[in-house]
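A short write-up of the structure that comes next.
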């Protein structure tokens, strides 16, 4: 069951006035009314027109459709409830204004959005139970929150059904636990936190997709963490142990003598928590040369040039 663009059905813009919508409906309804039209699929087109007008003529339905409709993607499939009656005919006389009629023939899409569906039973029509739609949203967290885990409370718009059976948007406060080791794109399922069910059906679920914000020092690749570590020429040449940050705190990193810029050192298990095992942290060495600002400092570099003649471009 595809998402229905009611504005497209009536051939009007989303900014159309109530009069524009009414005029468009009357014009098209006379064109496609099954009793007078010779157009192909006139009855189906007329049904679509009447359903679109039923929503857009009503300020409350139109508001709900505009605010909730964007959550339904074009071509998204929906599972109709068992026994759904697709054969009801509903249209008024050609001379009327085509605004009234039997609503039982409206689509599954209309039923899911406004809770007006009916199922065919042995004794006629009865209200059916239908599980609410699942809702999807994203939640932005920091890398530290992803590593350690956290609890977040936020507000989002979720459709609700009021006492009259009408669906409308409502602001709901949501509390969610971010598990330690949460990964980019991971979906957290909050049971029964989605759209309400119809006819006493249970609510749908809410799925939150994790979006981890970039970190000023660390780069995340899967469960592995990368860090650029600046070192001095003498630390790299002579070897040293330097303190570096990890998401779990500072640790010592041993540099072997004659380490090179761009060299990658692995700290096993220092990446993101995970199963069956945690990720690793990789330290990328970056040799930084101190500036020669005084005559004494320049003499040190000149001495190095004499004692350690070296051409890094000799193979060019």
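The values are calculated or read from the model by the stated rules, or taken from the named source; none is laboratory data. This one's a predicted model, so the numbers in the text were calculated from it and none came from an experiment. Here the Cβ positions follow ideal geometry from the backbone for every residue, glycine too, while neighbour counts run over all protein chains shown.
Quick notes
- Residue match in the range 223-233 (condition: farther than 25 Å from residue 180 by Cα, part of a helix (DSSP H, G or I) and not assigned by TED's automatic domain parsing to the domain that holds residue 149): yes
- When the test is whether a residue is touching a strand residue (DSSP E or B) at 6+ places or on another chain (Cβ under 7 Å), surrounded by 16 or more Cβ atoms within 10 Å (Cβ to Cβ), more than 16 Å from residue 281 (Cβ to Cβ) and not assigned by TED's automatic domain parsing to the domain that holds residue 259, residue 178 passes it.
- Tally, over the range 184-213, of residues that are free of Cβ contacts under 8 Å to residues at least 60 places away in the same chain, in a loop (DSSP other than H, G, I, E, B) and surrounded by fewer than 16 Cβ atoms within 10 Å (Cβ to Cβ): 5
- For the range 238-251, the count of residues that are assigned by TED's automatic domain parsing to the domain that holds residue 285, over 30 Å from residue 169 (Cβ atoms), touching a helix residue (DSSP H, G or I) at 6+ places or on another chain (Cβ under 7 Å) and outside any helix (DSSP H, G or I) is nonzero.
- Put simply, of 38, 63 the only residue that is touching a strand residue (DSSP E or B) at 6+ places or on another chain (Cβ under 9 Å) and modelled with pLDDT under 85 is 63.
- Per the conditions (1) over 26 Å from residue 149 (Cα atoms); (2) surrounded by fewer than 16 Cβ atoms within 10 Å (Cβ to Cβ); (3) in contact (Cβ under 8 Å) with a residue 12 or more places away in the chain, the sole criterion not satisfied by residue 234 is (3).
- Filtered residues of the range 35-49 (kept if surrounded by 14 or more Cβ atoms within 10 Å (Cβ to Cβ), under 18 Å from residue 107 (Cα atoms) and over 35 Å from the mean Cα position of the chain (by Cα)): 42, 43, 46
- When residue 270 is tested against the conditions (1) loosely packed, with under 14 Cβ neighbours inside 10 Å; (2) in a loop (DSSP other than H, G, I, E, B), the lone failure is (1).
- Verdict on residue 286 being modelled with pLDDT of 95 or more, touching a strand residue (DSSP E or B) at 6+ places or on another chain (Cβ under 8 Å) and over 30 Å from residue 186 (Cβ atoms): yes
- In a residue-by-residue description of the range 278-295, the property of being part of a helix (DSSP H, G or I) and more than 30 Å from residue 179 (Cα to Cα) applies to at least one position.
- Tallying residues that are part of a loop (DSSP other than H, G, I, E, B) and under 14 Å from residue 233 (Cβ atoms) within the range 296-314 yields 3.
- Residue 269 fulfils the conditions (1) within 42 Å of the chain's Cα centre (by Cα); (2) over 22 Å from residue 150 (Cβ atoms); (3) free of Cβ contacts under 8 Å to residues at least 12 places away in the same chain except for a single criterion, (2).
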